[in-house]
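The values are calculated or read from the model by the stated rules, or taken from the named source; none is laboratory data. What you see is a predicted model; the values in this text were computed from it and never measured. Glycine also receives a Cβ, built like all others from the backbone with ideal geometry; neighbour counts cover every protein chain displayed.
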Amino acid sequence: MSRGIVVALATVLGGCRTAEPPMTTFAPKSDFAEWTYSLYLQVIGWDSFILVLVGLLLVLALFRYSTRALGKSETPPVSRERVELEVAWTVGPALVLIAIAIPTIRTTFRAAPAVAPAGALHVDVTAHQWWWEVRYPDLAVLTANEIHLPVGRPVRLELRSADVIHSFWVPQLGGKRDVVPGHPNAITLVPRVVGMYLGQCAEFCGLSHANMRFRVFVDSPDDFQAWVAHQATPGVMPVASEDLVTAGARLYATSPCVTCHAINGVSSGRLGPDLTHFATRTTFAGGTLANTPENLGAWLRDPESEKPGAQMPRLGLPPAQVSELVAYLGSLR
């Protein structure tokens, strides 16, 4: 018995560790997320108050005003109209609803201004099945599945869909926003803590919906400017693997890859993610695979086995050509 109690306590205490889970709304890292979290606590407070009040009334009804509990055998009195009680249980809930509605409406309008704040960074995010296209129109930067934002600066995320309904969600940076075809949506926020935050499509959008992920990197102002400057440069090929990289570049330029993917100065496809700085990204395949040579090789051999429903076709390349493409894509920094 004592051993079972120890195991149970260890399990409970293990669930109370202070480390943050990878996706949580209880550790807000932006003004938008903090407003949402504060509203959540207010609603939970009112709900808890109602729960305790109803529980106390139930206990009183069972043990204080019950004739059976008091040992009385007489017939309970005939119920009579009590105007004060009817007013109380009508006005009381109405006041609680008002107390919840006012901060809810205030937070809704505060988090969705019609016009972006002065000096805001504009980021266009387009949802595809099943990846995210990220464009910085004022900076001439185009990337995929990874969003870089400067800490402390207002950000305006313009959300669009290229196909079906999606939903943009980064739990630690703010609430969900549906991305509906033909109806642009927006999120305005100020990231407040440097770090990496996981995002996910939160609206079922097809076979690989669960694999439509992305990452948001909140950088210091200097790191963000350095990232922008690097994105504006052409990809650099490492000298150490020059022969293999050259063969991979030649293979890419003559393969069906160029019809879907863009590489600055090489191809201009727009159906798939831009690959100009592919090697600088931490993930690929809709944010589901770590960007390593092993994962990239497995992806090039059979995308469907790595990500069910992947739009990229199986190329049927021999192992030597797969190695060449892995080397070439790994050089795109």
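Worth pointing out:
- Test result for Gly286, touching a Cys at 6+ places or on another chain (Cβ under 6 Å), under 18 Å from Glu146 (Cβ atoms) and of a type outside the set (A, V, I, L, M): no
- Criterion (touching a residue at least 12 places away in the same chain (Cβ under 8 Å) and within 24 Å of the chain's Cα centre (by Cα)) met by exactly one of Arg281, Arg301, Arg333: Arg281
- In region 237-266, the residues that are surrounded by fewer than 16 Cβ atoms within 10 Å (Cβ to Cβ), at pLDDT 85 or above and not in a loop (DSSP other than H, G, I, E, B): Thr246, Arg250, Ala253, Pro256, Val258, Thr259
- In the set (1) aliphatic (A, V, I, L, M); (2) in contact with a Ser or Thr (Cβ under 9 Å, 6 or more places away or on another chain); (3) in contact (Cβ under 8 Å) with a residue 60 or more places away in the chain, the condition left unmet by Val216 is number (2).
- Every residue from region 99-143 that is aromatic (Phe, Trp, Tyr) and modelled with pLDDT under 90: Phe109
- Within region 209-236, if we keep just the residues that are in a loop (DSSP other than H, G, I, E, B), in contact with a Leu (Cβ under 9 Å, 6 or more places away or on another chain) and of a type in the set (A, V, I, L, M), the residue that is modelled with the highest pLDDT turns out to be Ala232.
- Number of the condition not met by Asn211 [criteria: (1) touching a residue at least 40 places away in the same chain (Cβ under 8 Å); (2) closer than 23 Å to Thr24 by Cβ; (3) touching a strand residue (DSSP E or B) at 6+ places or on another chain (Cβ under 8 Å)]: (3)
- Candidates Gly175, Gly206, filtered to the one that is out of contact with any strand residue (DSSP E or B) (no Cβ under 9 Å at 6 or more places or on another chain) and part of a loop (DSSP other than H, G, I, E, B): Gly206
- Members of region 96-105 that are surrounded by 10 or more Cβ atoms within 10 Å (Cβ to Cβ) and not polar (S, T, N, Q): Val96, Leu97, Ala99, Ile100, Ala101, Ile102, Pro103, Ile105
- In region 267-318, the residues that are assigned to a loop (DSSP other than H, G, I, E, B) and either touching a Pro at 6+ places or on another chain (Cβ under 8 Å) or basic (Lys, Arg) (or both): Arg270, Thr276, Arg281, Ala285, Lys307, Ala310, Met312, Pro313, Arg314, Leu315
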